[in-house]
Amino acid sequence: MFKGTKAQVIEKLYHDTDVHVAPYYIVSSSDFFYDKVGSVKKVLKTVSGASKLIVRSSCKNEDSSDSSCAGKYESILNVEPAEESLCEAIEKV
């Protein structure tokens, strides 16, 4: 069983297993708030060709054997792969 944040589990699955994982990009909150435009452009470059995106939150203490935060954090589906809509979605989560 993999342990870690959603982002860490996705990254582990992508690199270390034969499980199909859609293209993804991890943006830290500090990187995003330091350079929103640059962060969004990096995401769009990585997922170029995607018709829609999903923006999800992830944090170190989100889920553990002692507690679960299922449903506490927002995921935004069907985000247009464009700077403005992606930036808005990231700000919401």
One residue is enough: does region 46-53 have a residue meeting the conditions under 17 Å from K6 (Cβ atoms), at pLDDT 90 or above, in contact with a strand residue (DSSP E or B) (Cβ under 7 Å, 6 or more places away or on another chain) and part of a strand (DSSP E or B)?
yes
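When you scan region 7-23, how many residues do you find that are within 13 Å of the chain's Cα centre (by Cα) and open to solvent by 50 Å² or more (accessible area, probe 1.4 Å)? Full working, then the answer.
Within region 7-23, the subset within 13 Å of the chain's Cα centre (by Cα) is 7-11, 21-23.
Pick out the ones that are also open to solvent by 50 Å² or more (accessible area, probe 1.4 Å) and you get 8, 10-11, 22-23.
The number of residues fulfilling the criteria is 5.
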What's the total number of residues in region 54-93 that are open to solvent by 60 Å² or more (accessible area, probe 1.4 Å), at pLDDT 85 or above and not β-branched (V, I, T)?
9
Taking region 25-45, which residues are modelled with pLDDT under 90, open to solvent by 50 Å² or more (accessible area, probe 1.4 Å) and hydroxyl-bearing (S, T, Y)?
Y25, S29
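Here's the yes/no breakdown for (1) out of contact with any helix residue (DSSP H, G or I) (no Cβ under 8 Å at 6 or more places or on another chain); (2) over 16 Å from S75 (Cα atoms); (3) in a helix (DSSP H, G or I); (4) not aromatic (F, W, Y):
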position	(1), (2), (3), (4)
E11	yes, yes, yes, yes
D18	yes, yes, no, yes
S30	yes, yes, yes, yes
V40	no, yes, yes, yes
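The values are calculated or read from the model by the stated rules, or taken from the named source; none is laboratory data. None of the values given here were measured: they were computed from a predicted structure. With ideal geometry, Cβ positions are generated from the backbone for all residues, glycine too; neighbour counts draw on all protein chains shown. These accessible areas exclude ligands, DNA and RNA; they are computed on the full protein's heavy atoms, side chains included. Shrake-Rupley method; radii C 1.70, N 1.55, O 1.52, S 1.80 Å.
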